[in-house]
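Structure first, commentary second.
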Amino acid sequence: MKASALLLCLLLSLGAAAQFQDSLSAPNLFIITIDGLRWQEIFHGADEAILKEGGYVADTTLIREMYWSNDQEERRRRLTPFLWNVIAHKGQIYGNRDYGNKMNVSNRYKFSYPGYNEIFTGYADTRFIPNTPVLNENTNVLEYLNKQKGYQHKVAAFSSWNIFPFILNEKRSCIPVNSGYESLDDTDPMSQMIDSVQEAIGNKAHTRYDELTFISAREYIRKRHPKVALVAFGEADEFAHHGQYDRYLRSIANTDRMIAELWYEVQSDPFYRNNTTFLITTDHGRGRRTRTWTDHLFLIGGSREIWMAVMGPGISPLGEMKTDQVLYQKQIAATIARLLGQQFECEHKVGQCIDLPGIAPEISGGIALDRQ
Ligand SMILES: [Zn+2]
């Protein structure tokens, strides 16, 4: 080996060691959102009444073979196996209203922009902001984290929906937000391959294929090792709005598989292993009925009903939460910060951090955050 190559190897291994040290010194967090995925599919699996309705499924026999079982626990496991085989054994799942365990959206609108605003700013803004490219004035927890010691320049976001750079105010927050069909713009062959696939997609819609969002995020995560990463999936909501229950179910199953791959990736990488938490949630619910499940808005009953799953070091393996309680979407931002030992404060009110049972005392702290 030439001296220069030896030096390069030494520098690279020192870099890797520094990265590893970094990982040990401060925990990592992946936030995963799945747009408009109902708690009903999470906890009940495929919905019999919607399957029977006829118009929502192209091949009912096949979809039933894939996702149906008369046993509810088996049925939901068929749809989201990673959630019920792994997260239910290692983490906590909130929002099963059958047990009175509720999680609600606080904002009055119950659609995506206000929902993601509430998740990331901890603030249920009363201003009406439609699902359009409007720069969000509210400070979000990702940009807050990006300014904290150990997390500077180590926060990144990937989304299928192309409005995220505005919701997270990429311009102001300085967090890289790879969104819609935005390219990775990197020189390595894998990134270039992903970019060329994206370029080849005709009729680009405002929501990128979730698979492309996933592989873009995975590539970045492998290479850059962000300590906080958002992966925001969007297809489920699109299929639901189109009344395609079969494609909605397949999208949910696909997303579960991608989350499983991401967890495997994380657990097999020394930088992340045993020091990374996954927090998974949704921006809004949808209608409860066979006629209304396709949509969500303040007038459609069920639109405020959401869920959340969390798994990682210090989180007690309580699985499906059955305690009678009501949690709110606006509490997620402070919870994200707390999982990293931080306290989220900014110019607006922030919902109280969720008291996750079993979280290590040094993380859960004792700081009163209830300011609204
Ligand atoms: Zn929607």
Under Stokes-Einstein, region 221-292 at 25 °C and 0.890 mPa s, with its Kirkwood radius over C-alpha pairs, diffuses with a coefficient in µm²/s of 172
Relative contact order of the chain (C-alpha contacts under 8 Å, at least 6 apart) in percent is 29
The convex hull of the Cα atoms of the chain, divided by residue count, gives a volume in Å³ per residue of 148
Filtered hits (aspartates and glutamates, Cα-Cα < 15 Å from LYS52, offset >= 8 within chain) -> GLU65, ASP246
Taking every DSSP bridge whose two residues both lie in the chain, the antiparallel percent to the nearest 5 is 30
Counting all Cα-Cα pairs in region 126-213, those more than 22 Å apart amount in percent to 35
Violations at 30 Å Cα threshold for listed pairs LYS171/LYS322; LYS223/LYS322; LYS149/LYS330 -> LYS171/LYS322; LYS223/LYS322
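Any read-out appearing in this document is the output of simple, stated calculations on the displayed coordinates, not a laboratory observation. Computed from a predicted structure; not experimentally measured.
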